[in-house]
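Okay, structure first, notes after.
The values are calculated or read from the model by the stated rules, or taken from the named source; none is laboratory data. The model shown is predicted, which means the values in this text are computed figures rather than measured ones. Note that we place each Cβ from the backbone using ideal geometry, even for glycine, and neighbour counts take in every protein chain shown. The protein model used for the area step is the full one, side chains on, heavy atoms only, and it has no ligands, DNA or RNA in it. Shrake-Rupley method; radii C 1.70, N 1.55, O 1.52, S 1.80 Å.
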Amino acid sequence: MALPDKSGHFGEFGGQYVPETLMAVLDELLGVYNSLKKDKAFQKEFAFYLKEYAGRPTNLYFAKRLSEQLRTLKVYLKREDLLHTGAHKINNTLGQVLVAKKMGKTRIIAETGAGQHGVATATAAALMGLECEVYMGSEDIERQALNVYRMRLLGAKVISVTSGSCTLKDAMNEAIRDWVTNVRNTFYIIGSVAGPHPYPVMVREFQSVIGREARRQFLKKEGKLPDYLVACVGGGSNAMGLFHAFFNDKKVKMIGVEAAGEGVNTKRHAATISKGQIGVLHGSKSDLLQDEDGQIMIAHSIAAGLDYPGVGPEHSYYNKIGRAEYVSVGDKDAIKGLKLLSEKEGIIPALETSHAIYYLNELSKKVKRKSSVILCLSGRGDKDVGSIKDLL
Amino acid sequence: MNRLDKKFEELKQAKKKAFIAFITAGDPSLKVTEELVCSFERSNVDIVELGVPFSDPLADGPTIQAASQRALANGVTLKKILNTVKNIRIKTEMPICLMTYYNPVFHYGEEKFVEDARKCGVDGLIIPDLPHQEAKILIASAKKNGVSTILFLTPTTTKKRMKEVVDVATGFIYYVSLTGVTGERKALPTDVAGHVKAAKKISTKPICIGFGISNAAQVKAMSKIADGVIVGSAIVKEINKNAGRKDIVKKVSSYVAKLRGL
């Protein structure tokens, strides 16, 4: 059976847990989205922007020196970092902004953690001539200053969120409050495979171009399918984007790398699937970091884009059915991952992606024979250079 | 028939409208919460809506967000609130609804929660992030336990959903006056009466208006077009203003009595 089901559930996960005010717009969005899925003109327009504007297809690059170092792994990098704006996020924002236009919405809002989704949203909104406001936690504004300037240059208003932990979770709360208030003219572009139905499936569909291309490219280069797919998971959009096209290729193993922050046995991490429990946040049911009273806990990761106490419901489902495995890598090792790729391949990855890169070390020790891997290089690291310069 | 249903029946007989007071449980302390609820009877409050603090109250504006943060900082939990309701029940038959976000309830275990809530004397549940289609388990166990499940109608609710909502709601229907979060507003939308009228056409269940209502004039105006009104942020603000004062209960009660306009 194709998932999600009609009411947006992936097994026990997913669904629509939102204030009643938003139910009408979610119904409308679902209707519009379902009709656009079959609309050839829309698909053509979306494909046009992905190719001519964002720069798809992205390369599947064989990382020779990295593979030599890892010995047992043959690593291919899916170069989403080469896309316009520097990360996979643009795939989704171009898709959603086109949906917003079809719905006649004139104002775009978004939440952002690392600022990559905010930049990608501001970019797509500028491209389509729509007003754009981005909610960002005050702590993230500080550690991702470069992206804040980029959003402002693109004509977006960046709104500092000072409630709760002042990070992505709180930015999303504030974006939802704005949406409830301005629902009639405003489209909320959610940046991950999270939120109420149909967002998780819609974002997955817009991002799954990553996996479709990678599958085709790998088959062409190697004449077979890869043994492993590896991607970092915060909300999980780049990972789901890569994984989804391989869902039925049962021999291809999928590994999602969460942020272990200062350690999964401390209180400062973002390893939602590894350490969380099922719950409801921001419109859907998935694994969550929560305390014994069901209060949401504050996540921690050096990578702002992974610093979120929830995860996309489809990842919780993949984990539950055993289709994907979820592991975690901490702050310090992520920096090692960043250095590793920079020095071996001349590519500075985003701190988020660096978690997945570091995990290749672990994987290389585990595999019994020479294995091939596609790693989703979800974003470039320019945005992080300022914040980690003292740690190098 | 629970206390909530009885109250609406009484009000109907007396041709009166309900005044529902919202307060955040545990702000400034559960002891004050307990005293406030008991004092509200003398302020002519008909029903109390007790807010369960949550870390991510996405339907609430700044006033109730801040109150939730204060209550959580005081160590307030759902279990402790149920215990407070139990203590209140020794002293008063005031109908009490719990307003809580879904995750604490889901984490507690929906069926166990409803049972415990009933045992402690809770009459109704208001869960703003739980639309009815996701609430099947909760509604079924609430029905079994005689606890009301209050559902929302809003200015954006379609006719089709309005029908579904009024069919499954019990206790009363919560009409959200505006598109937005909780909090005081100087003026309320002009289309409230029309929306309430439309709902009245298809349902005989009581309809109460909430969100934005923050002064005696608005209470009076909204009472005319519905079966009751809910005031939250204005009262929560008054509580915070008097936090730490010995006469907080007296101050807040007299403020509420004035809002009530009696």
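Key figures for this structure:
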{"quantity": "Helices (runs of 4 or more DSSP H) contained in the stretch B:78-147 and holding at least 2 residues within 11 Å of chain A (Cβ to nearest Cβ)", "calculated": "B:78-91, B:102-108"}
{"quantity": "Of all residues in the stretch A:244-295 being under 23 Å from A:Q16 (Cα atoms) and charged (D, E, K, R), the one that is surrounded by the fewest Cβ atoms within 10 Å (Cβ to Cβ)", "calculated": "A:D291"}
{"quantity": "From the options B:T179, B:T190, residue that is out of contact with any Gly (no Cβ under 8 Å at 6 or more places or on another chain) and without any contact (Cβ under 8 Å) to a residue 24 or more places away in the chain", "calculated": "B:T190"}
{"quantity": "Of all residues making up the stretch A:16-26, the number that are more than 7 Å from chain B (Cβ to nearest Cβ) and under 14 Å from B:K160 (Cβ atoms)", "calculated": "1"}
{"quantity": "The one condition in (1) farther than 21 Å from A:V264 by Cα; (2) open to solvent by 10 Å² or more (accessible area, probe 1.4 Å); (3) in a helix (DSSP H, G or I) that A:L341 fails to fulfil", "calculated": "(2)"}
{"quantity": "Single condition A:S237 does not satisfy, out of (1) among the polar types (S, T, N, Q); (2) within 14 Å of chain B (Cβ to nearest Cβ); (3) open to solvent by less than 10 Å² (accessible area, probe 1.4 Å)", "calculated": "(2)"}
{"quantity": "Candidate set: the stretch A:165-183, residues that are outside any helix (DSSP H, G or I) and more than 7 Å from every other protein chain (Cβ to nearest Cβ); chosen: the one surrounded by the fewest Cβ atoms within 10 Å (Cβ to Cβ)", "calculated": "A:N182"}
{"quantity": "Some residue of the stretch A:185-200 being farther than 24 Å from A:Y358 by Cα, open to solvent by 40 Å² or more (accessible area, probe 1.4 Å), touching a Lys or Arg at 6+ places or on another chain (Cβ under 9 Å) and within 14 Å of chain B (Cβ to nearest Cβ)", "calculated": "yes"}
{"quantity": "Selection from the stretch A:54-68 of residues that are in a helix (DSSP H, G or I) and within 19 Å of A:N238 (Cβ to Cβ)", "calculated": "A:A54, A:L66"}
{"quantity": "When residues of the stretch A:296-317 are limited to those that are in contact (Cβ under 8 Å) with a residue 60 or more places away in the chain, within 14 Å of chain B (Cβ to nearest Cβ) and assigned to a loop (DSSP other than H, G, I, E, B), the one surrounded by the fewest Cβ atoms within 10 Å (Cβ to Cβ)", "calculated": "A:I298"}
{"quantity": "Within the stretch A:27-54, tally of residues that are away from chain B (no Cβ under 14 Å), surrounded by fewer than 19 Cβ atoms within 10 Å (Cβ to Cβ) and of a type in the set (G, A, S)", "calculated": "3"}
{"quantity": "Residues being closer than 16 Å to B:I230 by Cα, open to solvent by 40 Å² or more (accessible area, probe 1.4 Å), of a type outside the set (D, E) and in contact (Cβ under 8 Å) with a residue 40 or more places away in the chain - total across the stretch B:8-60", "calculated": "2"}
{"quantity": "Subset of the stretch A:93-145 (residues that are assigned to a helix (DSSP H, G or I) and in contact with a Lys or Arg (Cβ under 7 Å, 6 or more places away or on another chain))", "calculated": "A:Q116, A:H117, A:V119, A:A120, A:M128"}
{"quantity": "Test for B:D46: is it at negative phi and within 13 Å of chain A (Cβ to nearest Cβ)", "calculated": "no"}
{"quantity": "Tally, over the stretch B:235-262, of residues that are open to solvent by less than 60 Å² (accessible area, probe 1.4 Å), charged (D, E, K, R) and part of a helix (DSSP H, G or I)", "calculated": "2"}
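A quick yes/no check of all residues on (1) within 19 Å of A:P198 (Cβ to Cβ); (2) surrounded by 24 or more Cβ atoms within 10 Å (Cβ to Cβ); (3) touching a strand residue (DSSP E or B) at 6+ places or on another chain (Cβ under 6 Å):
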site: A:R56; (1), (2), (3): no, no, no
site: A:N59; (1), (2), (3): no, no, no
site: A:S67; (1), (2), (3): no, no, yes
site: A:R71; (1), (2), (3): no, no, no
site: A:K74; (1), (2), (3): no, no, yes
site: A:N92; (1), (2), (3): yes, yes, no
site: A:R107; (1), (2), (3): no, no, yes
site: A:A114; (1), (2), (3): no, yes, no
site: A:A120; (1), (2), (3): no, yes, no
